[in-house]
1. Among the listed residues 260, 276, identify the single one that is farther than 30 Å from residue 67 by Cβ and in contact with a helix residue (DSSP H, G or I) (Cβ under 9 Å, 6 or more places away or on another chain).
2. With respect to the numbered conditions (1) out of contact with any strand residue (DSSP E or B) (no Cβ under 8 Å at 6 or more places or on another chain); (2) modelled with pLDDT of 95 or more, which one is the sole condition not fulfilled by residue 99?
3. When you go through 315, 356 one by one, which is the residue that is in the same structural domain as residue 374 (by TED's automatic domain parsing) and modelled with pLDDT under 95?
4. Starting from residues that are buried (at least 16 other Cβ atoms within 10 Å of the Cβ) and over 20 Å from the mean Cα position of the chain (by Cα), keep the ones in the stretch 286-295 and report whichever is farthest from residue 115 (Cα to Cα).
5. Select from the stretch 446-470 the residues that are assigned to a helix (DSSP H, G or I) and modelled with pLDDT of 90 or more and write down the one among them that is nearest to residue 400 (Cα to Cα).
6. Among the residues that make up the stretch 426-444, is at least one of them more than 23 Å from residue 319 (Cα to Cα) and touching a residue at least 60 places away in the same chain (Cβ under 8 Å)?
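The values are calculated or read from the model by the stated rules, or taken from the named source; none is laboratory data. In this text the structure is predicted, and so the values were computed from the model without any measurement. Every residue, glycine among them, receives a Cβ derived from its backbone with ideal geometry; neighbour counts consider all protein chains shown.
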């Protein structure tokens with residue numbers, strides 16, 4: 001049986017959004033600041049010493065782009081593909097896109113940017129691995145570059161807000177934003193639970209916040225303490241809205257949205273893996289005349305990932321896993337199992353048998369999760385073993401193989417799992433172990449994919465005993 005969920009249960013049916021969304025704004029008086037920060041245009045003498053003003057640093061200057069020109073990023077027009085050049089993006093943003101090696105848009109990027117760069121709201125149905133993160137980040141960065149910041153700026157007033165359900169997803173989005181905004185001078189910050197509050201507060205106090213990426217709970221902590229104010233938000237992004245529903249975060253998200261400007265005064269982008277009635281109800285409440293973009297999950301699952309199923313007894317599964325990784329010298333592999341205790345056992349055995357491995361589950365503290373992800377990205381960890389809840393928020397490029405040690409009971413989880421490889425159109429391979437305890441899960445997966453996955457017996461050399469470590 002599957003382990004108990006790692007997150008709160010789904011909330012009660014969604015009630016309509018109340019009309020009076022916004023909290024009343026506290027009037028400002030000359031010289032008053034939020035948490036006594038000093039305004040850059042005011043002389044120091046106007047601020048009382050006893051107030052201990054928050055030290056402001058000058059905004060970081062954009063990195064010079066005089067050595068790089070748009071002509072250096074030459075991409076030939078190609079039939080059926082959209083270039084980033086076609087959107088006439090800011091050269092500073094194009095420099096970041098060039099560094100990341102993105103010549104052409106993925107389908108969701110081409111469709112979403114066609115609407116959002118014109119200022120329209122959008123709701124998108126797309127799995128992870130389709131390039132949706134870059135789509136909303138490019139749109140957000142463009143908005144901030146084309147609209148001058150307010151003359152009176154306060155610390156803790158983000159201009160763009162991105163809300164995501166998990167810590168790992170927040171960290172990944174923030175890293176992607178830093179890469180794309182590298183030459184723009186925009187400041188990106190991230191807030192997640194399980195990390196030192198004061199450390200996160202210090203980065204907020206050090207400079208203006210342009211793009212804030214956060215989990216709902218930690219963002220509310222900052223907001224309710226008066227450290228973050230959301231009434232200057234120009235762009236709001238809600239990522240994995242369906243998962244926020246499943247994890248019971250919608251009441252917190254409602255509280256957050258009430259602090260932002262009315263939906264007619266901000267651009268709102270909402271992304272979800274599914275368009276359930278509840279998700280569409282939220283989209284109607286929080287967006288204005290949105291463009292609707294849908295990318296079919298089958299394109300992610302079947303076109304870019306080569307899928308295999310090995311019929312293997314439960315007692316031989318570990319042997320098969322070890323030999324696949326060791327004999328093929330795979331360097332970046334994700335292994336999924338249904339239960340946390342199973343994840344722990346697999347990781348412990350791999351480590352004991354000389355393969356660098358780590359685990360990701362609800363049992364692993366946040367600071368260790370982030371360190372583990374960094375090691376996995378850097379190639380220090382070859383095998384990452386994860387549960388569905390922990391693994392769904394992991395976005396690491398270059399994963400060559402995904403192995404389903406146990407097949408998931410929910411077919412959607414299968415699509416999410418194999419989406420860790422073959423990301424954004426790249427090729428990848430998934431291998432599933434079907435034993436006597438989980439083979440029943442295969443037919444529903446094939447129904448979702450709309451095709452059969454051939455089941456084969458593993459070659460004898462892949463079932464050899466694991467050599468003993470000296």
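1. Result of the check over 260, 276: 276.
2. Failed condition: (2).
3. The conditions single out 315.
4. 286
5. Filtering the stretch 446-470 for residues that are assigned to a helix (DSSP H, G or I) and modelled with pLDDT of 90 or more, the one nearest to residue 400 (Cα to Cα) comes out as 462.
6. Checked the stretch 426-444: at least one residue is more than 23 Å from residue 319 (Cα to Cα) and touching a residue at least 60 places away in the same chain (Cβ under 8 Å).
Matching residues to (1) closer than 16 Å to residue 160 by Cα; (2) touching a strand residue (DSSP E or B) at 6+ places or on another chain (Cβ under 8 Å); (3) crowded, with 21+ Cβ neighbours inside 10 Å:
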| residue | (1), (2), (3) |
| --- | --- |
| 203 | no, yes, no |
| 211 | yes, yes, yes |
| 215 | yes, yes, yes |
| 219 | yes, yes, yes |
| 224 | no, no, no |
| 235 | yes, yes, yes |
| 259 | yes, no, no |
| 265 | yes, no, no |
| 275 | no, yes, no |
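This table checks each residue for (1) touching a strand residue (DSSP E or B) at 6+ places or on another chain (Cβ under 8 Å); (2) part of a helix (DSSP H, G or I); (3) in the same structural domain as residue 396 (by TED's automatic domain parsing).
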{"position": "134", "(1), (2), (3)": "no, yes, no"}
{"position": "145", "(1), (2), (3)": "no, yes, no"}
{"position": "152", "(1), (2), (3)": "no, no, no"}
{"position": "161", "(1), (2), (3)": "yes, no, no"}
{"position": "170", "(1), (2), (3)": "yes, yes, no"}
{"position": "173", "(1), (2), (3)": "yes, yes, no"}
